[in-house]
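Asks: Starting off with a structure, shown below.
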Amino acid sequence: MSTYNYLSNDEVRNQVAQSYYTATGDISESDLGNDHNVAVDALTIGLPLITSGNLGSTVFFRNTGADAAVKLVISPKNTNKIVGSMTQAAAVFSASGVLEKI
């Protein structure tokens, strides 16, 4: 196991890049490592097509809108689908498993 020694400004250097969405759109493959922040209701965010270069990527969405006021649709591409679990703060998650929503 590695040992890390943090300096006072390491939190700033280690911050994950942020993407902000105010309109329906797609995540580019280069933005897969970002945190994705959504504060506008009824957006659909498309995931990039799974390739050998991004296989196993984790996508983190943060709802920055008012509680119970912002709904987000996450849409996989082509024959891709969302498989697995999602962690949420409130019991408002539903998975339809629909292929190619956009």
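Asks: Please enumerate the residues belonging to the range 40-65 that are in a loop (DSSP other than H, G, I, E, B) and among the hydrophobic types (A, V, I, L, M, F, W, C). I'd like the intermediate steps shown before the answer.
Replies: Applying the first criterion (in a loop (DSSP other than H, G, I, E, B)) to the range 40-65 yields 40-42, 47-59, 64-65.
Scanning the range 40-65 gives Val40, Ala42, Leu47, Leu49, Ile50, Leu55, Val59.
Asks: Can you find even one residue in the range 78-93 that is surrounded by 15 or more Cβ atoms within 10 Å (Cβ to Cβ) and at pLDDT 85 or above? Can you show your working first?
Replies: Restricting attention to the range 78-93, the residues satisfying the condition of being surrounded by 15 or more Cβ atoms within 10 Å (Cβ to Cβ) are 81-82.
Subset that is at pLDDT 85 or above: none.
No, the range 78-93 has no match at all.
Asks: Sticking with this structure for a sec: Within the range 54-72, which residues are without any contact (Cβ under 8 Å) to a residue 24 or more places away in the chain and small (Gly, Ala, Ser)?
Replies: Those that are without any contact (Cβ under 8 Å) to a residue 24 or more places away in the chain and small (Gly, Ala, Ser): Gly56, Ala66.
Asks: Moving on. Restricting the first residue to the range 25-39 and requiring it to be at negative phi and part of a loop (DSSP other than H, G, I, E, B), which pairs with a second residue that is surrounded by 15 or more Cβ atoms within 10 Å (Cβ to Cβ) and among the hydrophobic types (A, V, I, L, M, F, W, C) meet a Cβ separation below 9 Å and a spacing of at least six or different chains?
Replies: Close Cβ pairs satisfying both conditions: Ile27/Ile45; Ile27/Leu47; Ile27/Val59; Leu32/Leu47; Leu32/Val59; Asn34/Ile27; Asn34/Val59; Ala39/Val70.
Asks: Would you point out the residue of the range 7-24, among those that are outside any loop (DSSP other than H, G, I, E, B), of a type outside the set (Val, Ile, Thr) and modelled with pLDDT under 90, that is farthest from Asn63 (Cα to Cα)? Full working, then the answer.
Replies: Here is the first cut: in the range 7-24, the ones outside any loop (DSSP other than H, G, I, E, B) are 10-13, 18-21.
Going one step further and asking which of them are of a type outside the set (Val, Ile, Thr), we end up with 10-11, 13, 18-21.
If we keep only those that are modelled with pLDDT under 90 as well, we get 10-11, 13.
Details: Asp10: 26, Glu11: 22, Arg13: 24 Å.
Among those residues, the one meeting the criterion is Asp10.
Asks: Ok, one more. Which of the residues that make up the range 32-53 are under 14 Å from the mean Cα position of the chain (by Cα) and among the polar types (S, T, N, Q)?
Replies: Asn34, Asn37, Thr44
Asks: Related question: Which numbered condition in (1) in contact with a helix residue (DSSP H, G or I) (Cβ under 7 Å, 6 or more places away or on another chain); (2) surrounded by fewer than 17 Cβ atoms within 10 Å (Cβ to Cβ) is the only one that Thr58 fails?
Replies: So the condition that Thr58 fails would be (1).
The values are calculated or read from the model by the stated rules, or taken from the named source; none is laboratory data. These numbers were taken from a predicted model, which means no experiment stands behind them. Reconstructed Cβ throughout: ideal geometry from the backbone, glycine too, with neighbour counts over all protein chains shown.
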